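Contents: one structure, followed by commentary.
The values are calculated or read from the model by the stated rules, or taken from the named source; none is laboratory data. Here the structure is a predicted model, which means the values were calculated and not measured. Cβ placement follows ideal geometry from the backbone for every residue including glycine, while neighbour counts extend to all protein chains displayed. For accessibility, only protein heavy atoms count, side chains too; no ligands or nucleic acids. Shrake-Rupley method; radii C 1.70, N 1.55, O 1.52, S 1.80 Å.
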Amino acid sequence: MDLNTIIEQMKTGEQDTALTALQGYNKEMNQCFTFNREEKQDRECLGELVLGFLKRKLQPSCQLACLETVRILSRDKDCLDPFISHSAMSTLARYACIAVASTATPANSHLVESQVEGEAEEGNEAEVCSEVMKEAFSPSDNPDQEVIVEALKSICNILLHSERGQVVAADLQLIKGVAERLKQCHHSTCNHEVHFFDLRLTFLLTALRIDIRAQLAQALHGISLLGNQLEAILGLCWPDTLETARAGLDDVPPEKLPPLSRQQTELAVEILKILFNITFDTNRHNVDEEEAAGYRHLAAILRHCLISHTDSEERTEEFHCHTVNLLGNLPLPCLDVLLMPKVQQASIEYMGLNMDAVNKLLEFMEKRLDRGHKLKDTLLPSLNLLTESARIHRETRKFLRSKVLPPLRDVKIRPEVGSTLRNKLVRLMTHIDTDVKDCAAEFLYVLCKESVSRFIKYTGYGNAAGLLAARGLLRGGRDSGIYSEDEDSETEEYREAKDHINPITGVVEEEQPNPMEGMTEEQKEYEAMKLVNMFDKLSRTNVIQPMQLTMDGKMREMSPKDLHKMTHNPLFQSEDPANSGGEDEA
(Lines give C-alpha, C1' and ligand atoms only; values in the text may rest on other atoms or scores of the structure.)
Protein backbone atom coordinates (compact mmCIF):
# COMPACT_ATOMS: atom_id res chain seq x y z
CA MET A 1 0.00 0.00 0.00
CA ASP A 2 1.27 3.47 -0.93
CA LEU A 3 2.55 5.55 2.02
CA ASN A 4 0.60 8.63 0.95
CA THR A 5 -2.61 6.62 0.95
CA ILE A 6 -1.90 5.32 4.46
CA ILE A 7 -1.15 8.86 5.65
CA GLU A 8 -4.42 10.15 4.21
CA GLN A 9 -6.35 7.36 5.95
CA MET A 10 -4.57 8.11 9.24
CA LYS A 11 -5.50 11.78 8.95
CA THR A 12 -9.18 10.88 9.07
CA GLY A 13 -8.69 10.11 12.77
CA GLU A 14 -11.01 7.09 12.62
CA GLN A 15 -9.68 4.05 14.48
CA ASP A 16 -11.13 1.42 12.14
CA THR A 17 -9.79 3.13 9.03
CA ALA A 18 -6.37 3.64 10.62
CA LEU A 19 -6.30 0.04 11.88
CA THR A 20 -6.94 -1.40 8.41
CA ALA A 21 -4.29 0.84 6.84
CA LEU A 22 -1.64 0.11 9.47
CA GLN A 23 -2.24 -3.65 9.47
CA GLY A 24 -1.67 -3.71 5.71
CA TYR A 25 1.49 -1.62 6.04
CA ASN A 26 2.84 -3.74 8.90
CA LYS A 27 2.26 -6.98 7.03
CA GLU A 28 4.04 -5.64 3.95
CA MET A 29 7.01 -4.13 5.85
CA ASN A 30 7.41 -6.67 8.65
CA GLN A 31 10.71 -8.04 7.32
CA CYS A 32 11.96 -4.73 5.90
CA PHE A 33 15.21 -3.39 7.39
CA THR A 34 16.32 -1.05 4.59
CA PHE A 35 14.29 1.96 3.53
CA ASN A 36 13.84 4.18 0.49
CA ARG A 37 15.46 7.57 1.19
CA GLU A 38 12.97 9.33 -1.07
CA GLU A 39 10.17 8.38 1.30
CA LYS A 40 11.93 9.72 4.42
CA GLN A 41 9.55 12.67 4.93
CA ASP A 42 6.51 10.46 4.41
CA ARG A 43 7.76 7.97 7.01
CA GLU A 44 8.37 10.78 9.49
CA CYS A 45 4.87 12.08 8.85
CA LEU A 46 3.44 8.61 9.41
CA GLY A 47 5.44 8.31 12.65
CA GLU A 48 3.99 11.57 13.97
CA LEU A 49 0.46 10.53 13.06
CA VAL A 50 0.87 7.14 14.76
CA LEU A 51 2.19 8.79 17.93
CA GLY A 52 -0.78 11.12 17.86
CA PHE A 53 -3.07 8.09 17.83
CA LEU A 54 -1.16 6.47 20.71
CA LYS A 55 -1.84 9.50 22.89
CA ARG A 56 -5.55 8.79 22.57
CA LYS A 57 -7.60 6.07 24.22
CA LEU A 58 -7.54 3.21 21.69
CA GLN A 59 -8.95 -0.26 21.39
CA PRO A 60 -6.25 -2.94 22.03
CA SER A 61 -6.02 -4.01 18.37
CA CYS A 62 -5.35 -0.42 17.30
CA GLN A 63 -2.75 0.03 20.07
CA LEU A 64 -0.94 -3.06 18.82
CA ALA A 65 -1.05 -1.99 15.16
CA CYS A 66 0.28 1.50 16.02
CA LEU A 67 3.15 0.09 18.09
CA GLU A 68 4.05 -2.44 15.37
CA THR A 69 4.32 0.48 12.96
CA VAL A 70 6.55 2.38 15.38
CA ARG A 71 8.76 -0.72 15.70
CA ILE A 72 9.13 -0.92 11.91
CA LEU A 73 9.74 2.81 11.43
CA SER A 74 12.27 2.94 14.28
CA ARG A 75 14.52 0.54 12.37
CA ASP A 76 15.44 3.48 10.12
CA LYS A 77 18.11 5.45 11.98
CA ASP A 78 17.58 8.45 9.70
CA CYS A 79 13.87 8.84 10.54
CA LEU A 80 13.84 8.84 14.32
CA ASP A 81 12.94 12.49 14.96
CA PRO A 82 9.25 11.76 15.70
CA PHE A 83 10.24 9.23 18.38
CA ILE A 84 13.04 10.88 20.38
CA SER A 85 11.21 13.71 22.10
CA HIS A 86 10.37 13.42 25.79
CA SER A 87 6.69 13.27 24.88
CA ALA A 88 7.12 10.39 22.40
CA MET A 89 9.46 8.35 24.59
CA SER A 90 7.17 8.87 27.58
CA THR A 91 4.22 7.58 25.54
CA LEU A 92 6.12 4.45 24.52
CA ALA A 93 7.30 3.91 28.10
CA ARG A 94 3.71 3.99 29.33
CA TYR A 95 2.63 1.37 26.81
CA ALA A 96 5.64 -0.70 27.92
CA CYS A 97 4.46 -0.20 31.53
CA ILE A 98 7.87 1.09 32.64
CA ALA A 99 7.07 4.79 32.97
CA VAL A 100 8.11 6.28 36.31
CA ALA A 101 5.22 8.14 37.97
CA SER A 102 7.20 11.27 38.83
CA THR A 103 10.44 12.05 37.07
CA ALA A 104 12.50 14.97 38.31
CA THR A 105 13.35 17.57 35.69
CA PRO A 106 16.83 16.61 34.48
CA ALA A 107 19.63 19.11 34.31
CA ASN A 108 20.40 18.28 30.71
CA SER A 109 16.85 18.25 29.34
CA HIS A 110 17.38 21.54 27.56
CA LEU A 111 20.22 20.00 25.57
CA VAL A 112 17.89 17.46 24.11
CA GLU A 113 14.96 19.78 23.59
CA SER A 114 17.08 22.35 21.75
CA GLN A 115 18.12 19.71 19.21
CA VAL A 116 14.61 18.67 18.21
CA GLU A 117 13.10 20.93 15.60
CA GLY A 118 9.77 22.32 16.66
CA GLU A 119 10.03 20.84 20.16
CA ALA A 120 9.40 24.21 21.80
CA GLU A 121 5.85 24.09 20.54
CA GLU A 122 5.52 20.58 21.94
CA GLY A 123 6.10 21.66 25.55
CA ASN A 124 2.52 22.42 26.46
CA GLU A 125 1.26 19.46 24.45
CA ALA A 126 3.61 17.16 26.35
CA GLU A 127 2.31 18.38 29.70
CA VAL A 128 -1.29 17.93 28.67
CA CYS A 129 -0.47 14.57 27.10
CA SER A 130 1.21 13.42 30.32
CA GLU A 131 -1.90 14.16 32.32
CA VAL A 132 -4.19 12.59 29.73
CA MET A 133 -2.07 9.44 29.60
CA LYS A 134 -2.15 9.10 33.39
CA GLU A 135 -5.93 9.04 33.21
CA ALA A 136 -6.34 7.07 29.98
CA PHE A 137 -3.64 4.47 30.46
CA SER A 138 -1.86 2.81 33.32
CA PRO A 139 -0.01 -0.53 33.58
CA SER A 140 -2.98 -2.20 35.24
CA ASP A 141 -5.18 -1.25 32.27
CA ASN A 142 -3.01 -3.20 29.85
CA PRO A 143 -3.35 -6.96 30.08
CA ASP A 144 -2.16 -7.35 26.48
CA GLN A 145 1.40 -8.65 26.67
CA GLU A 146 1.87 -8.15 22.92
CA VAL A 147 1.38 -4.40 23.36
CA ILE A 148 4.05 -4.29 26.07
CA VAL A 149 6.48 -6.30 23.91
CA GLU A 150 5.98 -4.08 20.84
CA ALA A 151 6.56 -0.94 22.94
CA LEU A 152 9.73 -2.44 24.43
CA LYS A 153 11.02 -3.42 20.98
CA SER A 154 10.40 0.11 19.71
CA ILE A 155 12.31 1.67 22.62
CA CYS A 156 15.19 -0.76 22.04
CA ASN A 157 15.38 0.26 18.37
CA ILE A 158 15.41 3.94 19.30
CA LEU A 159 18.19 3.48 21.87
CA LEU A 160 20.24 1.46 19.44
CA HIS A 161 20.16 4.14 16.73
CA SER A 162 19.86 7.48 18.54
CA GLU A 163 22.13 9.14 21.08
CA ARG A 164 19.45 11.73 21.75
CA GLY A 165 17.02 8.91 22.46
CA GLN A 166 19.50 7.51 25.00
CA VAL A 167 19.64 10.87 26.79
CA VAL A 168 15.84 11.08 26.92
CA ALA A 169 15.61 7.51 28.25
CA ALA A 170 18.02 8.49 31.04
CA ASP A 171 15.99 11.62 31.79
CA LEU A 172 12.78 9.61 32.01
CA GLN A 173 14.43 7.13 34.41
CA LEU A 174 13.31 4.13 32.36
CA ILE A 175 15.83 1.96 34.19
CA LYS A 176 13.80 2.41 37.39
CA GLY A 177 10.63 1.17 35.72
CA VAL A 178 12.37 -1.87 34.23
CA ALA A 179 14.12 -2.70 37.51
CA GLU A 180 10.82 -2.50 39.40
CA ARG A 181 9.17 -4.96 37.02
CA LEU A 182 12.17 -7.31 37.21
CA LYS A 183 11.83 -7.35 41.00
CA GLN A 184 8.23 -8.47 40.67
CA CYS A 185 8.92 -10.97 37.90
CA HIS A 186 9.11 -14.64 38.89
CA HIS A 187 10.49 -16.81 36.11
CA SER A 188 7.76 -19.44 36.25
CA THR A 189 4.92 -16.93 35.92
CA CYS A 190 6.50 -14.13 33.88
CA ASN A 191 5.76 -13.79 30.17
CA HIS A 192 8.96 -14.85 28.36
CA GLU A 193 8.94 -12.15 25.68
CA VAL A 194 8.25 -9.35 28.16
CA HIS A 195 10.98 -10.69 30.44
CA PHE A 196 13.44 -11.02 27.55
CA PHE A 197 12.90 -7.50 26.19
CA ASP A 198 12.99 -6.01 29.69
CA LEU A 199 16.46 -7.53 29.96
CA ARG A 200 17.43 -6.49 26.43
CA LEU A 201 16.38 -2.90 27.19
CA THR A 202 18.38 -2.99 30.44
CA PHE A 203 21.40 -4.28 28.54
CA LEU A 204 21.20 -1.44 26.01
CA LEU A 205 20.76 1.20 28.71
CA THR A 206 23.76 -0.06 30.70
CA ALA A 207 25.90 -0.56 27.61
CA LEU A 208 25.24 2.92 26.21
CA ARG A 209 25.03 5.07 29.36
CA ILE A 210 27.72 5.04 32.06
CA ASP A 211 25.45 6.93 34.48
CA ILE A 212 22.70 4.30 34.15
CA ARG A 213 25.29 1.57 34.62
CA ALA A 214 26.29 3.10 37.96
CA GLN A 215 22.67 3.77 38.94
CA LEU A 216 21.63 0.15 38.39
CA ALA A 217 24.70 -1.23 40.18
CA GLN A 218 24.45 1.02 43.23
CA ALA A 219 21.10 2.75 43.79
CA LEU A 220 19.02 -0.10 42.37
CA HIS A 221 21.19 -2.93 43.80
CA GLY A 222 21.53 -4.45 40.34
CA ILE A 223 24.03 -7.18 41.21
CA SER A 224 21.73 -8.66 43.83
CA LEU A 225 18.61 -8.14 41.68
CA LEU A 226 20.08 -9.77 38.58
CA GLY A 227 21.83 -12.49 40.57
CA ASN A 228 18.46 -13.49 42.01
CA GLN A 229 16.95 -13.43 38.51
CA LEU A 230 19.69 -15.70 37.20
CA GLU A 231 19.27 -18.05 40.15
CA ALA A 232 15.51 -18.30 39.51
CA ILE A 233 15.94 -18.87 35.76
CA LEU A 234 18.44 -21.69 36.32
CA GLY A 235 16.22 -23.19 39.03
CA LEU A 236 18.97 -23.33 41.65
CA CYS A 237 18.93 -24.37 45.29
CA TRP A 238 21.69 -24.06 47.91
CA PRO A 239 22.54 -27.39 49.56
CA ASP A 240 25.48 -25.75 51.33
CA THR A 241 27.06 -22.31 51.78
CA LEU A 242 28.15 -20.98 48.37
CA GLU A 243 27.38 -24.34 46.76
CA THR A 244 24.61 -24.57 44.18
CA ALA A 245 22.61 -27.40 42.66
CA ARG A 246 19.64 -27.71 40.34
CA ALA A 247 16.50 -27.87 42.49
CA GLY A 248 15.27 -31.45 42.77
CA LEU A 249 18.51 -32.74 41.20
CA ASP A 250 20.90 -32.27 44.12
CA ASP A 251 22.62 -35.63 43.72
CA VAL A 252 22.88 -35.63 39.91
CA PRO A 253 26.48 -35.18 38.60
CA PRO A 254 26.98 -32.02 36.47
CA GLU A 255 27.52 -33.95 33.24
CA LYS A 256 24.15 -35.72 33.70
CA LEU A 257 22.07 -32.63 34.40
CA PRO A 258 19.33 -31.99 31.82
CA PRO A 259 20.21 -29.22 29.34
CA LEU A 260 18.89 -25.73 29.88
CA SER A 261 16.01 -24.88 27.56
CA ARG A 262 16.35 -22.29 24.82
CA GLN A 263 14.23 -19.81 26.76
CA GLN A 264 16.30 -20.28 29.93
CA THR A 265 19.49 -19.76 27.95
CA GLU A 266 18.22 -16.61 26.21
CA LEU A 267 17.28 -14.99 29.52
CA ALA A 268 20.46 -16.11 31.28
CA VAL A 269 22.69 -14.73 28.52
CA GLU A 270 20.98 -11.31 28.68
CA ILE A 271 21.46 -11.21 32.46
CA LEU A 272 25.14 -12.16 32.13
CA LYS A 273 25.63 -9.33 29.61
CA ILE A 274 23.98 -6.78 31.92
CA LEU A 275 26.02 -7.96 34.91
CA PHE A 276 29.16 -7.61 32.80
CA ASN A 277 28.25 -3.98 32.07
CA ILE A 278 27.59 -3.02 35.67
CA THR A 279 30.67 -4.82 37.07
CA PHE A 280 33.01 -3.56 34.35
CA ASP A 281 34.53 -0.85 36.56
CA THR A 282 34.80 -3.04 39.66
CA ASN A 283 37.97 -2.72 41.68
CA ARG A 284 39.24 -6.29 41.42
CA HIS A 285 41.54 -6.05 44.43
CA ASN A 286 39.75 -3.97 47.07
CA VAL A 287 36.10 -4.51 48.00
CA ASP A 288 34.41 -4.18 51.37
CA GLU A 289 32.95 -7.12 53.25
CA GLU A 290 29.36 -6.58 52.12
CA GLU A 291 30.33 -6.23 48.46
CA ALA A 292 32.57 -9.29 48.68
CA ALA A 293 29.66 -11.37 50.02
CA GLY A 294 27.51 -10.33 47.05
CA TYR A 295 30.26 -11.12 44.55
CA ARG A 296 30.98 -14.50 46.12
CA HIS A 297 27.27 -15.37 45.94
CA LEU A 298 27.32 -14.40 42.26
CA ALA A 299 30.53 -16.39 41.66
CA ALA A 300 28.82 -19.52 43.03
CA ILE A 301 25.99 -19.07 40.50
CA LEU A 302 28.50 -18.50 37.70
CA ARG A 303 30.28 -21.70 38.67
CA HIS A 304 27.02 -23.55 38.03
CA CYS A 305 26.74 -21.78 34.66
CA LEU A 306 30.21 -23.07 33.73
CA ILE A 307 29.34 -26.69 34.37
CA SER A 308 25.88 -26.49 32.76
CA HIS A 309 25.04 -27.11 29.11
CA THR A 310 22.17 -26.05 26.87
CA ASP A 311 20.13 -27.66 24.11
CA SER A 312 22.80 -26.97 21.44
CA GLU A 313 26.58 -26.77 21.30
CA GLU A 314 26.47 -23.28 19.80
CA ARG A 315 24.28 -21.89 22.56
CA THR A 316 26.35 -23.66 25.21
CA GLU A 317 29.49 -21.95 23.94
CA GLU A 318 27.77 -18.55 23.89
CA PHE A 319 26.48 -19.16 27.43
CA HIS A 320 29.96 -20.12 28.68
CA CYS A 321 31.54 -17.20 26.82
CA HIS A 322 29.42 -14.63 28.67
CA THR A 323 29.99 -16.49 31.94
CA VAL A 324 33.77 -16.28 31.48
CA ASN A 325 33.58 -12.60 30.55
CA LEU A 326 31.68 -11.84 33.74
CA LEU A 327 33.99 -13.93 35.94
CA GLY A 328 36.82 -11.79 34.62
CA ASN A 329 35.18 -8.71 36.19
CA LEU A 330 34.75 -10.16 39.69
CA PRO A 331 37.17 -9.27 42.51
CA LEU A 332 40.06 -11.75 42.44
CA PRO A 333 39.76 -12.94 46.08
CA CYS A 334 36.17 -14.02 45.37
CA LEU A 335 37.24 -16.55 42.74
CA ASP A 336 38.13 -19.11 45.40
CA VAL A 337 34.39 -19.91 45.36
CA LEU A 338 35.08 -21.87 42.16
CA LEU A 339 36.96 -24.43 44.27
CA MET A 340 34.52 -24.67 47.19
CA PRO A 341 32.03 -27.43 46.24
CA LYS A 342 32.62 -30.81 47.80
CA VAL A 343 34.48 -33.39 45.75
CA GLN A 344 32.02 -35.86 44.28
CA GLN A 345 32.57 -39.23 42.68
CA ALA A 346 32.81 -37.84 39.13
CA SER A 347 34.68 -34.65 40.13
CA ILE A 348 38.21 -33.74 39.11
CA GLU A 349 40.11 -33.64 42.39
CA TYR A 350 43.45 -31.95 43.01
CA MET A 351 44.99 -31.28 46.42
CA GLY A 352 41.66 -32.31 47.95
CA LEU A 353 39.72 -29.61 46.06
CA ASN A 354 37.05 -29.77 43.35
CA MET A 355 38.67 -28.55 40.11
CA ASP A 356 35.66 -29.06 37.81
CA ALA A 357 35.16 -25.33 37.20
CA VAL A 358 38.87 -24.59 36.64
CA ASN A 359 39.11 -27.53 34.26
CA LYS A 360 36.08 -26.21 32.34
CA LEU A 361 37.79 -22.84 32.04
CA LEU A 362 40.94 -24.50 30.72
CA GLU A 363 38.98 -26.57 28.19
CA PHE A 364 37.08 -23.47 27.07
CA MET A 365 40.32 -21.54 26.62
CA GLU A 366 41.92 -24.34 24.59
CA LYS A 367 38.85 -24.62 22.37
CA ARG A 368 39.07 -20.91 21.60
CA LEU A 369 42.80 -21.23 20.99
CA ASP A 370 42.34 -24.12 18.56
CA ARG A 371 39.74 -22.17 16.62
CA GLY A 372 42.31 -19.42 16.01
CA HIS A 373 39.70 -16.85 14.97
CA LYS A 374 39.92 -13.29 16.35
CA LEU A 375 42.09 -14.45 19.22
CA LYS A 376 42.22 -11.03 20.85
CA ASP A 377 38.44 -11.00 21.33
CA THR A 378 37.76 -14.69 21.85
CA LEU A 379 40.82 -16.03 23.70
CA LEU A 380 42.06 -13.24 25.95
CA PRO A 381 39.12 -13.08 28.41
CA SER A 382 39.54 -16.74 29.41
CA LEU A 383 43.35 -16.59 29.30
CA ASN A 384 43.44 -13.47 31.47
CA LEU A 385 41.00 -15.04 33.93
CA LEU A 386 43.16 -18.16 34.26
CA THR A 387 46.29 -16.04 34.68
CA GLU A 388 44.85 -13.92 37.49
CA SER A 389 43.28 -16.95 39.20
CA ALA A 390 46.63 -18.77 39.09
CA ARG A 391 48.44 -15.72 40.44
CA ILE A 392 46.25 -15.37 43.52
CA HIS A 393 45.22 -18.98 44.26
CA ARG A 394 48.03 -21.47 44.81
CA GLU A 395 45.91 -24.58 44.28
CA THR A 396 44.57 -23.25 40.97
CA ARG A 397 48.10 -22.49 39.78
CA LYS A 398 49.43 -25.90 40.71
CA PHE A 399 46.54 -27.64 38.97
CA LEU A 400 47.00 -25.54 35.81
CA ARG A 401 50.75 -26.14 35.95
CA SER A 402 50.17 -29.90 36.01
CA LYS A 403 47.95 -29.61 32.92
CA VAL A 404 49.88 -27.03 30.90
CA LEU A 405 53.52 -27.47 32.00
CA PRO A 406 54.00 -31.07 33.09
CA PRO A 407 57.60 -32.10 33.91
CA LEU A 408 59.82 -32.01 30.81
CA ARG A 409 60.91 -35.33 29.37
CA ASP A 410 61.49 -34.87 25.64
CA VAL A 411 64.17 -32.17 25.34
CA LYS A 412 64.87 -32.71 21.64
CA ILE A 413 61.69 -31.00 20.38
CA ARG A 414 61.40 -27.21 20.39
CA PRO A 415 58.87 -25.78 22.87
CA GLU A 416 56.77 -24.29 20.06
CA VAL A 417 56.59 -27.54 18.06
CA GLY A 418 53.81 -30.02 18.81
CA SER A 419 50.12 -30.24 19.70
CA THR A 420 50.17 -30.00 23.50
CA LEU A 421 48.66 -26.96 25.19
CA ARG A 422 52.17 -25.83 26.17
CA ASN A 423 53.26 -25.96 22.52
CA LYS A 424 50.23 -23.96 21.39
CA LEU A 425 50.77 -21.26 24.03
CA VAL A 426 54.49 -20.96 23.30
CA ARG A 427 53.64 -20.42 19.63
CA LEU A 428 51.39 -17.54 20.69
CA MET A 429 54.39 -15.87 22.37
CA THR A 430 55.57 -14.77 18.91
CA HIS A 431 52.08 -13.88 17.63
CA ILE A 432 51.74 -10.77 15.48
CA ASP A 433 49.18 -9.24 17.88
CA THR A 434 51.04 -7.76 20.85
CA ASP A 435 48.14 -8.25 23.28
CA VAL A 436 47.81 -11.94 22.40
CA LYS A 437 51.57 -12.44 22.61
CA ASP A 438 51.89 -10.71 25.98
CA CYS A 439 48.88 -12.50 27.49
CA ALA A 440 50.14 -15.96 26.51
CA ALA A 441 53.61 -15.18 27.87
CA GLU A 442 52.16 -13.80 31.11
CA PHE A 443 50.09 -16.95 31.68
CA LEU A 444 53.09 -19.26 31.30
CA TYR A 445 55.26 -16.90 33.36
CA VAL A 446 52.78 -17.03 36.26
CA LEU A 447 52.61 -20.83 36.04
CA CYS A 448 56.42 -20.75 36.38
CA LYS A 449 55.97 -18.67 39.57
CA GLU A 450 57.54 -15.69 37.77
CA SER A 451 60.92 -17.42 37.85
CA VAL A 452 63.03 -16.46 34.83
CA SER A 453 65.07 -19.65 34.79
CA ARG A 454 61.98 -21.88 34.95
CA PHE A 455 60.23 -19.76 32.31
CA ILE A 456 63.17 -20.15 29.93
CA LYS A 457 63.32 -23.86 30.66
CA TYR A 458 59.77 -24.36 29.35
CA THR A 459 59.69 -21.79 26.53
CA GLY A 460 63.27 -21.18 25.37
CA TYR A 461 65.11 -17.89 25.77
CA GLY A 462 64.19 -16.75 22.25
CA ASN A 463 60.45 -17.05 22.91
CA ALA A 464 60.76 -15.61 26.42
CA ALA A 465 62.87 -12.59 25.44
CA GLY A 466 59.91 -10.27 24.76
CA LEU A 467 58.42 -10.56 28.25
CA LEU A 468 61.83 -10.55 29.93
CA ALA A 469 62.94 -7.43 28.06
CA ALA A 470 59.72 -5.61 29.00
CA ARG A 471 60.34 -6.40 32.69
CA GLY A 472 64.09 -5.81 32.71
CA LEU A 473 64.77 -9.47 33.44
CA LEU A 474 66.97 -10.46 30.50
CA ARG A 475 69.82 -11.13 32.94
CA GLY A 476 67.65 -13.52 34.94
CA GLY A 477 66.15 -13.20 38.41
CA ARG A 478 62.56 -13.21 39.57
CA ASP A 479 59.59 -10.88 39.91
CA SER A 480 58.21 -9.96 43.28
CA GLY A 481 55.14 -12.26 43.30
CA ILE A 482 54.38 -14.20 46.50
CA TYR A 483 54.65 -17.92 45.84
CA SER A 484 55.13 -21.09 47.87
CA GLU A 485 58.48 -22.71 48.54
CA ASP A 486 60.06 -24.57 45.65
CA GLU A 487 60.11 -28.31 45.23
CA ASP A 488 62.30 -30.27 42.82
CA SER A 489 60.48 -31.05 39.57
CA GLU A 490 63.28 -32.06 37.19
CA THR A 491 62.83 -35.40 35.46
CA GLU A 492 65.75 -37.76 35.04
CA GLU A 493 65.68 -37.15 31.27
CA TYR A 494 65.91 -33.40 31.73
CA ARG A 495 68.67 -33.63 34.34
CA GLU A 496 70.83 -35.73 32.04
CA ALA A 497 70.40 -33.42 29.06
CA LYS A 498 70.46 -30.12 30.96
CA ASP A 499 74.09 -29.23 30.21
CA HIS A 500 73.57 -29.79 26.46
CA ILE A 501 70.37 -27.73 26.06
CA ASN A 502 70.63 -24.61 23.93
CA PRO A 503 68.96 -21.98 26.14
CA ILE A 504 67.88 -19.92 23.13
CA THR A 505 65.82 -22.68 21.52
CA GLY A 506 65.18 -24.71 24.69
CA VAL A 507 66.23 -28.05 23.16
CA VAL A 508 69.28 -30.26 22.76
CA GLU A 509 70.79 -29.59 19.33
CA GLU A 510 73.38 -31.45 17.32
CA GLU A 511 76.87 -30.06 17.73
CA GLN A 512 77.80 -27.73 14.90
CA PRO A 513 81.35 -27.29 13.57
CA ASN A 514 83.14 -24.16 14.79
CA PRO A 515 83.28 -21.79 11.77
CA MET A 516 86.39 -20.06 13.20
CA GLU A 517 88.35 -23.26 13.68
CA GLY A 518 91.78 -23.01 12.03
CA MET A 519 91.70 -19.19 11.74
CA THR A 520 94.52 -17.02 13.02
CA GLU A 521 93.83 -14.22 15.47
CA GLU A 522 94.24 -11.69 12.65
CA GLN A 523 91.68 -13.50 10.52
CA LYS A 524 89.24 -13.64 13.44
CA GLU A 525 89.66 -9.90 14.04
CA TYR A 526 89.15 -9.20 10.32
CA GLU A 527 85.88 -11.18 10.30
CA ALA A 528 84.74 -9.42 13.47
CA MET A 529 85.42 -5.97 11.97
CA LYS A 530 83.65 -7.02 8.79
CA LEU A 531 80.59 -7.99 10.81
CA VAL A 532 80.70 -4.73 12.79
CA ASN A 533 80.85 -2.71 9.58
CA MET A 534 77.84 -4.57 8.23
CA PHE A 535 75.88 -3.82 11.43
CA ASP A 536 77.04 -0.20 11.24
CA LYS A 537 75.83 0.15 7.66
CA LEU A 538 72.43 -1.38 8.44
CA SER A 539 72.14 0.85 11.50
CA ARG A 540 72.99 4.04 9.63
CA THR A 541 70.34 3.29 6.99
CA ASN A 542 67.78 2.58 9.75
CA VAL A 543 67.26 -1.01 8.64
CA ILE A 544 68.09 -2.26 12.14
CA GLN A 545 68.75 -0.72 15.55
CA PRO A 546 71.50 -2.59 17.44
CA MET A 547 70.71 -2.94 21.15
CA GLN A 548 72.81 -3.77 24.19
CA LEU A 549 71.89 -5.47 27.45
CA THR A 550 72.79 -3.27 30.41
CA MET A 551 73.78 -4.42 33.88
CA ASP A 552 70.23 -3.84 35.19
CA GLY A 553 68.79 -6.29 32.67
CA LYS A 554 67.28 -3.68 30.33
CA MET A 555 68.06 -2.83 26.71
CA ARG A 556 69.62 0.35 25.37
CA GLU A 557 70.43 1.55 21.87
CA MET A 558 74.00 1.08 20.63
CA SER A 559 75.87 3.76 18.74
CA PRO A 560 78.43 3.07 15.93
CA LYS A 561 81.15 3.88 18.50
CA ASP A 562 79.81 1.13 20.79
CA LEU A 563 79.89 -1.37 17.92
CA HIS A 564 83.57 -0.68 17.21
CA LYS A 565 84.45 -0.91 20.90
CA MET A 566 82.90 -4.35 21.11
CA THR A 567 85.44 -5.80 18.68
CA HIS A 568 88.31 -4.99 21.08
CA ASN A 569 86.73 -4.64 24.52
CA PRO A 570 83.20 -6.12 24.92
CA LEU A 571 81.08 -4.17 27.38
CA PHE A 572 79.82 -7.31 29.07
CA GLN A 573 80.14 -11.07 28.94
CA SER A 574 76.84 -12.77 28.17
CA GLU A 575 75.50 -15.04 30.86
CA ASP A 576 73.71 -18.34 30.45
CA PRO A 577 70.19 -17.43 31.59
CA ALA A 578 69.19 -21.05 31.87
CA ASN A 579 71.57 -21.56 34.79
CA SER A 580 70.51 -18.57 36.86
CA GLY A 581 68.31 -20.52 39.27
CA GLY A 582 66.91 -23.90 40.26
CA GLU A 583 64.14 -25.69 38.37
CA ASP A 584 61.40 -26.35 40.82
CA GLU A 585 57.81 -27.25 41.24
CA ALA A 586 55.16 -24.59 41.89
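A few remarks follow.
- Heavy-atom accessible surface of region 229-287: percent carbon and sulfur, 1.4 Å: 49 percent
- Efficiency of FRET from Cβ geometry, A101 and A214, R₀ 25 Å, rounded to 0.05: 0.65
- For region 227-340, relative contact order (Cα pairs under 8 Å, six or more residues apart, normalised by length) works out to 35 percent.
- 16 Å cut-off, amide nitrogen to a point 7 angstrom out along D16 Cα→Cβ, residues in region 61-87: 61-62
- For region 295-354, the relative contact order is 35 percent, taking Cα pairs closer than 8 Å that sit 6 or more residues apart in sequence and dividing their mean separation by the residue count.
- Stretched out straight at 0.36 nm per residue, the stretch from D311 to D250 would grow longer than its current Cα-Cα span by 19.9 nm.
- Taken along the Cα-to-beta-carbon direction at a fixed 7 Å, the label points for E511 and K40 span 8.1 nm.
- Charge dipole of region 24-105 (Cα centre as origin; +1 on each Lys and Arg Cβ, -1 on each Asp and Glu Cβ, all else neutral): 360 debye, rounded to the nearest 20.
- Using a probe of 1.4 angstrom and keeping all protein chains present, the accessible surface of region 343-456 works out to 42 square angstrom per residue.
- Excluding same-chain neighbours fewer than eight residues apart, the lysines reachable from K183 by a Cα-Cα span under 27 Å are K134, K153, K273.
- When the listed pairs K424/K449; K11/K40; K437/K530; K437/K554; K376/K449 are checked against a 29 Å cut-off, the alpha-carbon distance exceeds it for K437/K530.
- Each 5 Å bin, from zero up to the one with the longest distance, holds this percent of the alpha carbon pairs of region 316-378: 3, 15, 23, 22, 19, 12, 5, 1.
- Inter-label distance for L160 and T189, nm, one decimal - labels placed 7 Å from Cα along Cα-to-Cβ: 3.2 nm
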